[in-house]
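As structure tokens, the structure follows; a few thoughts come after it.
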Amino acid sequence: MSDRLLVSTRKGLFHVVRRSGAWSIDHVDFLGDNVTLALSDHRSGKLYAALDHGHFGVKVHRSGDGGWEEVGKPTYPQKPEGDEDKDPWGREVKWDAHRIWSLQAGGADEPGVLWCGTLPGGLFRSNDHGATWEMARSLWDDPLRRKWSGGGADWPGIHSIIVDPRNSKRVWIAVSTGGVWLTEDGGATWKIIGQGMRADYFPPELTHDPISQDVHCLVQCRNAPSRMWVQHHNGIFISDDEAQTFREIRDVGVSTFGFAVVVHPDDPDTAWFVPEIKDEKRIPNAGRLIVTRTRDGGKTFEELTKGLPQQHAYDIVYRHALALDRKGERLAMGSTTGGLWVSEDQGDSWSMISHTLPPVYAVTFG
Amino acid sequence: MAKLHFTANIQRHVECPSADVRGDDVRAVLEHFFENNPLARSYILDDQASVRKHITIFVDGQAIRDRLRLSDRVTSTSTIYVFQALSGG
């Protein structure tokens, strides 16, 4: 089990470690800077941090023996003269890395490979540990990409990247808003998949179109890879055929709206969510921060509250801010209002590490 | 050669010392500067090589007008400042 957490916040990357059975903040990197995401690459031991300097744009840093160093930035290609690239609402899409929204290590057989998803929808691949990046051009040039639209952000973005543990050339991505896509040749070609999801924010003729789907988070069970879970803008969906088709999970109790989902690495029926009041308010129901857990593939859900604030809690847990360790025992969760909690018993109980952090964007076990 | 200065705020991210740089327009001056400081490019320019939204550039006390192509003229006696804009908060 991992004894280290990387917590990406609006004001730095917090390293949280477990010593003598207790978790505490060890140190902070990039203090004062906006760290939107971090990746701990288990293949190399390297850490990666995505920074957004506002005035000065987004950057990627990599940890090495000598500390952090800035590496290559995913850079959009030169936009062809006269190309009117507009989103479905008629707004000009700027070919510029607006935000780094996902970082994922490649397969065990491709040690230098990283994937990076961005707003406004570019996917990038690095073959050299982030030193340089190349856009997955066939995906960007797919005419259907121009049907992607912004969800919570102004521009569409790729927030979930899953590399098939059996075959590194197979990669799934999920887009808000633009559905689920799959490559089976390492990114050379892509196709949209994901029938069965529901988009109530579009007119009836588009409600079930795979391109309309505002997937908030897509995850895969590592040792039962056919099973995937989606936390969607309109609810929770489950797939038993590698995201080709989904069915909706209803009767979850408090809410099916949320951003985050994690699935147990060995038990595909066990998954965790953080429900919020949908979607106009986006606050916990009745001021109670709750994690829901299913152990039976979504037939029933437990509400896990022990150690979590149950009065006047307005914590939102973003899609990358709920984490499960590689053994599926420890969970960690950070919130928009600076709360950070850890569970060592699969969510049965939680310990608060801090409630005064900057807004938390992402949490991952190191 | 034109004198080129950068906001102090950029220095903690990437070292951008003041420099005497040749070039007939802002694009040429910056490109010459980036030759010796390639890391600075993405801090000043976006992916389309235009001035970042929240960066401003002054030439002899005037904010440049062509933020897209950076064609504002520069002379050998010009002084250029690269600032972060207040618009970025």
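Classify chain A as rounded, prolate or oblate, taking a ≥ b ≥ c as the square roots of the eigenvalues of its Cα gyration tensor: rounded when a/c is under 1.5, otherwise prolate if a/b is larger than b/c and oblate if not. Let's see the in-between values first.
Details: a/c = 1.44, a/b = 1.12, b/c = 1.28.
Note, shape of chain A comes out rounded.
Between the stretch A:1-70 and the stretch A:233-261, what is the separation of their alpha carbon centroids in Å?
30 Å
What's the extension gain from residue B:53 to residue B:69 if we count 0.36 nm per residue and subtract their Cα-Cα distance? Before the final figure, lay out the partial values.
Working: separation 16, 0.36 × 16 = 5.76 nm, distance 1.35 nm.
That works out to 4.4 nm of additional length.
Under the Karplus relation 6.51 cos²θ - 1.76 cosθ + 1.60, θ = phi - 60°, what is the ordered set of whole-Hz ³J(HN,Hα) values for the stretch A:319-331, x standing for Gly and Pro?
Those phi angles translate into 5, 9, 9, 10, 10, 10, 6, 5, 8, x, 9, 9, 10 Hz.
Exposed loop sites here are GluC sites (Glu not before Pro) in DSSP loop states with at most 11 other C-beta atoms within 10 Å. What is the longest stretch of chain A lacking them? List each step's numbers first, then the result.
Working: sites that count: A:81, A:84, A:280.
Value returned for the longest uninterrupted segment is A:85-279.
Per residue of the stretch B:62-67, in order, report the coupling 6.51 cos²θ - 1.76 cosθ + 1.60 (Karplus, θ = phi - 60°) as ³J(HN,Hα) in whole Hz, putting x for Gly and Pro.
In residue order, the calculated couplings are 10, 5, 5, 9, 9, 7 Hz.
Just from its helices, what would the mean residue ellipticity at 222 nm be for the protein assembly as shown, if runs of 4 or more DSSP H residues each count -39500 (n - 2.57) and the sum is divided by every residue, rounded to the nearest 500 deg cm²/dmol? Write down the numbers at each step before the final one.
Details: 3 runs with 20 residues, N = 455.
One gets -1000 deg cm²/dmol as the mean residue ellipticity at 222 nm.
Express the relative contact order of the stretch B:2-88 as a whole percentage, based on alpha carbon pairs under 8 Å and six or more residues apart in sequence. Walk me through the numbers on the way to the answer.
Values: 140 pairs, mean separation 33.4, N = 87.
Rounded, it is 38 percent for the stretch B:2-88.
Pick out, in residue order, every one of the trypsin sites (Lys or Arg not before Pro) in the stretch A:209-297 that is DSSP loop and has at most 13 other C-beta atoms within 10 Å; say none if there are none.
On the way: sites: A:222, A:227, A:247, A:250, A:278, A:281, A:282, A:288, A:293, A:295; in loops: A:222, A:227, A:250, A:278, A:281, A:282, A:288, A:295.
Filter output for the stretch A:209-297: A:250, A:281.
Name the trypsin sites (Lys or Arg not before Pro) in the stretch A:314-346 that are in a loop by DSSP and that have at most 16 other C-beta atoms within 10 Å, would you?
A:326, A:327
Determine the dipole magnitude for the stretch B:2-88: charges of +1 sit on the beta-carbon of Lys and Arg, -1 on that of Asp and Glu, nothing else is charged, the reference point is the Cα centre, and the result goes in debye to the nearest 20. The partial results should precede the final answer.
Numbers: 11 positive and 11 negative charges, 44 e Å.
Here the stretch B:2-88 has a charge dipole of around 220 debye.
Taking the alpha-carbon centroid of each part, what is the distance from the stretch B:43-78 to the stretch A:85-128 in angstrom?
28 Å
Classify the stretch B:2-88 as rounded, prolate or oblate, taking a ≥ b ≥ c as the square roots of the eigenvalues of its Cα gyration tensor: rounded when a/c is under 1.5, otherwise prolate if a/b is larger than b/c and oblate if not. Intermediate results must be reported in sequence, preceding the final value.
On the way: a/c = 1.31, a/b = 1.13, b/c = 1.16.
Because its axes are fairly even, with a/c under 1.5, the stretch B:2-88 counts as rounded.
With chain A treated as a Gaussian network of Cα nodes joined by springs under 10 Å, which of A:310, A:220, A:231 yields the largest mean-square fluctuation?
A:310
Need one value for B:41-51: mean number of C-beta atoms belonging to other chains within 10 Å of its residues' C-beta atoms. Display every interim value, and only then the final one.
Working: counts 2, 10, 6, 3, 2, 8, 14, 8, 1, 2, 0.
For this peptide, the per-residue mean of nearby foreign Cβ atoms is 5.
Within the stretch A:179-255, report the chymotrypsin sites (Phe, Trp or Tyr not before Pro) that DSSP leaves as loop and that have at most 16 other Cβ atoms within 10 Å. Mind dumping the intermediate values first?
Numbers: sites: A:181, A:190, A:201, A:229, A:237, A:246; in loops: A:190, A:201, A:246.
Within the stretch A:179-255, the qualifying chymotrypsin sites (Phe, Trp or Tyr not before Pro) (loop, at most 16 other Cβ atoms within 10 Å) are A:201.
Suppose a student asked you for the relative contact order of chain A, using Cα pairs under 8 Å spaced at least 6 residues apart; what percent would you report?
Values: 1041 pairs, mean separation 42.8, N = 366.
Value for chain A: 12 percent.
Among the DSSP beta bridges whose two residues both lie in the protein assembly as shown, what percent are antiparallel, rounded to the nearest 5? Before the final figure, lay out each step's value.
Values: 106 of 112 bridges.
Close to 95 percent.
Can you find, among A:223, A:7, A:150, the residue sitting farthest towards the positive end of the charge dipole of the protein assembly as shown, where Lys and Arg contribute +1 and Asp and Glu -1 at Cβ?
A:7
Please check: in the Gaussian network model of chain A (C-alpha springs, under 10 Å), which one of A:284, A:265, A:77 has the largest mean-square fluctuation.
A:77
According to a simple spin-label model (label point 7 Å from Cα along Cα-to-Cβ), what is the distance in nm between residue A:303 and residue B:77?
If labels sit at residue B:77 and residue A:303, their model points lie 7.7 nm apart.
Using amide H atoms built in the peptide plane, which far-off residues or other-chain residues are under 5 Å from residue B:55 H to H?
Residues meeting the amide H criterion: B:85.
Suppose we keep just the DSSP beta bridges with both residues in the stretch B:2-88; what percent of those would be antiparallel, to 5? Let's see the in-between values first.
Numbers: 12 of 16 bridges.
Approximately 75 percent, going by the DSSP bridge assignments.
List the relative contact order of the stretch A:199-355 as a percent without decimals, with contacts defined as Cα pairs under 8 Å and 6+ residues apart.
Relative CO of the stretch A:199-355 lands at 15 percent.
Of B:75, B:32, B:58, whose Cα points farthest to the positive end of the dipole of the stretch B:2-88 (charges on the beta-carbon: +1 Lys, Arg; -1 Asp, Glu; origin at the Cα centre)?
B:58
Rounded to the nearest 20 debye, what is the charge dipole size of chain A about its Cα centre when +1 sits on each Lys and Arg Cβ and -1 on each Asp and Glu Cβ? Intermediate values should be presented prior to the final figure.
Details: 41 positive and 50 negative charges, 94 e Å.
Computed about the Cα centre, the dipole is about 460 debye.
Quick note: the coordinates plus some simple rules give every number you see, no bench work behind them. Since we're looking at a predicted model, the values are computed, not measured. Note: ideal-geometry Cβ built from the backbone for every residue, glycine included; neighbour counts use all protein chains shown.
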